[in-house]
Amino acid sequence: MPRYVAFLRAINVGGRRVKMDHLRKLFEALGFVNVETFIASGNVIFDSDEDSQPLERKVERHLQASLGYEVATFVRTVSELADVARYRPFDPSHLDVEGNALYIAFLHAAPSVEAEQKLKDLRTEVDDFRVNKREVYWLCRKKISESAFSGALLEKTLGVPATIRNATTIKRLTAKYPAPM
């Protein structure tokens with residue numbers, strides 16, 4: 001049975017608090033098994049025989065009905081997540097500089113060529129971006145709070161929902177839930 005990771009947008013931010021045990025129960029109510037959460041920022045690991053694309057919509061509908069607000073959901077297999085973690089969009093020397101951080105935004109689908117160009121047009125000395133498949137890699141050369149870029153601006157620029165995680169979180173997830181050989 002395939003193992004998935006769901007990245008949920010707007011969980012435990014902006015005054016919307018969901019306890020992780022409640023979130024696990026919401027996923028179990030959908031028939032998913034081996035449900036776990038990873039840190040309290042909306043990362044849910046589970047097993048299901050279903051395909052990932054329909055899973056996103058199924059989870060979104062269930063969370064909307066259960067929580068009373070929209071929760072954009074981005075599902076990846078553990079193999080896809082391993083590929084995301086292995087991808088090297090920037091020279092490692094940029095990531096070794098103190099204060100620099102790499103963030104990964106998850107999308108439902110690869111952005112259009114036009115949307116990707118709009119994102120590239122936002123590059124600055126502080127913020128740089130690379131797109132690979134359904135992910136956007138954001139190199140921030142300052143504290144994220146000091147950047148003019150944000151998740152909201154990313155969504156506005158691409159015209160689609162997204163959720164962002166620190167690359168360190170993704171590496172920790174792939175270490176804890178390795179892809180099958």
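Read-outs throughout are calculated quantities, based only on the coordinates presented, and are distinct from any laboratory measurement. A quick note: this is a predicted structure, and the numbers were derived from the prediction, not measured. Positions of Cβ are generated from backbone atoms using ideal geometry, with glycine treated the same way; all protein chains shown enter the neighbour counts.
Some points to look at:
- Within the range 3-81, the proportion of C-alpha pairs whose separation exceeds 22 Å stands at 12%.
- Anchor LYS58: aspartates and glutamates whose Cα lies under 15 Å away (excluding residues fewer than 8 positions away in-chain): GLU28, ASP47, ASP49, GLU50, GLU70
- Relative packing of peptides 76-82, 147-153 - highest average C-beta neighbours within 10 Å first: 76-82, 147-153
- The listed peptides 11-22, 134-145, ordered by packing as a protection proxy, come out as 134-145, 11-22 (highest mean of other Cβ atoms within 10 Å first).
- Annotation for LYS143 and VAL160: the two label points, set 7 Å from Cα along the Cα-Cβ direction, are 3.3 nm apart.
- In terms of Cα atoms, the Rg and Dmax of the chain work out to 16.2, 47 Å.
- Charge tally in the Cβ shell below 14 Å around GLY68, where Lys, Arg are +1 and Asp, Glu are -1, GLY68 excluded: +1
- Taking the three principal axes of the alpha carbon atoms in the range 121-181, the coordinate ranges are 39, 25, 16 Å, sorted in descending order.
- Candidate aspartates and glutamates - alpha carbon under 15 Å from LYS133, same-chain residues fewer than 8 apart omitted: GLU80, ASP83, GLU114, GLU116
- Considering helices alone, the calculated mean residue ellipticity of the chain at 222 nm is -10000 deg cm²/dmol, with DSSP H runs of length four and up weighted by -39500 (n - 2.57) and normalised per residue.
- If the convex hull is drawn through the Cα atoms of the range 82-176, its volume per residue in Å³: 98
- For LYS142, the aspartates and glutamates whose Cα comes closer than 18 Å to its Cα, not counting residues fewer than 8 places off in the same chain, are ASP91, ASP96, GLU98, GLU125, ASP127, ASP128.
- Label sites at LEU153 and LEU30, each approximated as a point 7 angstrom past Cα along Cα to Cβ, lie 3.2 nm apart.
- Segment ALA40-ASP121, length gained on full extension (0.36 nm per residue, minus Cα span): 25.8 nm
- Here the dipole of the range 82-176 is about 380 debye; that uses its Cα centre as origin and unit charges on the Cβ of Lys and Arg (positive) and Asp and Glu (negative).
- Ordering of 59-67, 172-180 by packing is 59-67, 172-180, highest average first (other Cβ atoms within 10 Å, averaged per residue).
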